[in-house]
Each structure stands twice: as C-alpha cells, then as structure tokens.
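The values are calculated or read from the model by the stated rules, or taken from the named source; none is laboratory data. Bear in mind the structure is a predicted one, so any value in this text is a computation, not a measurement. Positions of Cβ are backbone-derived with ideal geometry, glycine not excepted, and every protein chain shown enters the neighbour counts.
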Amino acid sequence: MANQKGVLMVFKSLLLVLFLIPTTVTKPIQIIATTGMVADITREVAGDHAVVTSLMGEGVDPHLYKPTAADAKAIVSADMVFYSGLMLEGTMTDTFLKAARMGKLVYPVTELIDESYLLEPPEFQGHWDPHVWMDVSAWSQAVEAIANALCEQDEVNCKEYKANAERYKAKLHNLHEYAITSIASIPKNRRILITAHDAFNYFGRAYGIEVVGIQGLSTESEAGIEDVNRLVNILVNNRITAVFVESSVSDRNVNALIEGAAAKGHTVKIGGRLFSDAMGQVGTYKGTYIGMLDHNITTISAALGGNAPEDGFAMMPQSNQPTGGNDEH
Ligand SMILES: [Zn+2]
C-alpha cells in the first residue's frame, strides 16, 4: 500500500516536472566576440539568451592578433560574430569575410557611429582611429548596434534585448558623466595626458584632456633626445606630475623624462598603467568595460591632481543607478 502511494507520488512529481518544461526549449545563441570590450557589452545586452566567447583575453593586442585554427573553427560554428571594426582587427578581415560568405551573421559593433565623429590621425595611415571605446558615449552606440543585431537574430526576445541595452546605456551615461567631472577636476594647465598608447584620442576629445603620445620615444638619437627635452619642458612648464606607461616604451626612456624633469626641480612619477586595447583580468571589476574605463579615468584624475574618489566610479551610488545623473534637469 505504502509502496503504491510512493509510486503515485513519483508519477505526480514527474507530471509536474513535465509541465514545468517549456514546450520549446530554446538553445542559447552561440556568439563569438573579438575583444573583451565587445564581449562584455554583448553579454550585458544578451543576458541569458546567449553564450558569449571572447577570442582575445587580457593583454592581447587586437591590431596584431592573428586568428588561430581553433578561432576560425569557433567563428564558423558560432551563430553570430561581433567584432569592434574600423580595422581594429585588421588581420581578421579575411576570416570575417569567409564567415559572412557562409551565411553567418558577422557584425562590426561600431556600425552606428557616424563618420563625422571619427578621427583620422596620421599615425593610423589613412584609416579611422578605431579606439572608440575610450569615449563612453560612443561605445554606448555599440550597445545599441548589438541590441539591433540580436533582435534580427532572435525576434522573440527582442524586447528583452532592447530593455537590457537601455538599462546598461543608462549606467554608461553615468560613467560618462563621472569621466567628465573627474577629468575636469584636474587643474586646467595639468590636463595633459602623456602616455605610451595611441589609444586615447577619443578619450582626450570627449573628456577635455590633451593627449601627448610617447610611443617611439627614444634616447638613442639626436631627434630622440630633442623629443625628450620637448616633453620635459611640457612637464615642467605645466607642473604635470605624472606620465602613464606601458611595456611598449622602455623604462630607460620614461626615466629620461622623469630625470630630465627632476634636473629642473620638478617631480614626475609614473601615474600608473592604463588599459588601452584590452581589459583587465576576466572575472574582476577591471575585466569589465565599466571597470576598465573607471580605472583609466580614476587613475588619470588622481595622478594629475584631480579629485576623483579613491574607489572610483564603482563605489558611487550612480554606478548602479540606471536613471541618469542629476545633471539633466
Ligand atoms: Zn590600439
């Protein structure tokens, strides 16, 4: 008797389980994204409806990245491919074309950014400067492009993609405002970003800080020494207290700047390592787009005498408040 009852209960719970399984089980969309910045905003928009795999991890240079055989395979077996575009992933163009010819949905996320916005500095040799993620308001348009693309692929969940995009864009709006305020808090004459990257042109324009590149800086030639002297003068005359470095400029050449300024009685330190073309470690705050930009903004502001809070944007209430700042009354 007890046994029969048990069987009945098992049967009932089986029925319940069957009832709970939706009639059409939809598989998550398989998405390949190139850089971490593209992958992160894609995850924000797609939510549970997609599995997003990023090809390029921490410290990878997307300009030079050559797809491996495994990458090519992942690209052709994915449902959708999102890439940054504007020739950032220059060596991957053939792979993208091949995937597109096979009927894959291959999207450059910078598609909606108007040409009139784009910069074409000489160092990019006739191409647009691709580093648009450095201006949060521009990267916000990439969020919108991703939502549109997902809607094309998966109409059923379109409303959700649009809502996710709106919510995330509101956060980005707050981050953009944070950047404007933080950089503006640096004393005006010190608003000069001396950096080893060529990635900060849009950042400089959006947030009102002059960008001076030191890539290629060398103490090995006459011209190189002249460059060092010119930069030392900029540092001393503007009382700039920090320069920002990366592994692409040797310590010796950066030290030449610091020593040159010291010889003129002005102290300069290394202001920190900025993220340019890749985010921080996966699974950490700096491994997100917001965390990456927050780190850059806060580091630059703090090192140059601005008043960005020590904990940055992350600890501010508006970092999680998707309702815009109080600047728009
Ligand atoms: Zn770059």
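Descriptive notes on the structure:
- Answer residue from the stretch 300-315, given it is over 12 Å from ARG191 (Cα atoms) and surrounded by fewer than 20 Cβ atoms within 10 Å (Cβ to Cβ) and is farthest from the chain's Cα centre (by Cα) among those: ASN307
- Applying the set (1) in contact (Cβ under 8 Å) with a residue 40 or more places away in the chain; (2) among the β-branched types (Val, Ile, Thr); (3) away from the ligand (no atom under 16 Å from the Cβ) to ILE258 leaves exactly one unmet item: (1).
- Check on ALA170, away from the ligand (no atom under 16 Å from the Cβ), in contact (Cβ under 8 Å) with a residue 40 or more places away in the chain, under 22 Å from the mean Cα position of the chain (by Cα) and crowded, with 22+ Cβ neighbours inside 10 Å: no
- Checking each residue in the stretch 238-261 for being modelled with pLDDT under 90 and β-branched (Val, Ile, Thr) picks out VAL245, VAL249, VAL254.
- The condition (being modelled with pLDDT of 95 or more, surrounded by fewer than 21 Cβ atoms within 10 Å (Cβ to Cβ) and either under 17 Å from ALA196 (Cβ atoms) or not hydrophobic (A, V, I, L, M, F, W, C) (or both)) is satisfied by just one residue among LYS264, LYS269: LYS264.
- Across the stretch 192-208, the qualifying residues are those that are buried (at least 22 other Cβ atoms within 10 Å of the Cβ) and more than 14 Å from the ligand (Cβ to nearest atom), and the one among them that is farthest from MET134 (Cα to Cα) is ILE194.
- Residue in the stretch 207-214 that is out of contact with any strand residue (DSSP E or B) (no Cβ under 7 Å at 6 or more places or on another chain) and modelled with pLDDT of 95 or more present: yes
Condition check ((1) under 26 Å from TYR168 (Cα atoms); (2) at pLDDT below 95; (3) within 15 Å of the chain's Cα centre (by Cα)) across all residues:
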residue	(1), (2), (3)
MET1	no, yes, no
LEU8	no, yes, no
ALA33	yes, no, yes
MET37	yes, no, yes
ASP48	yes, no, no
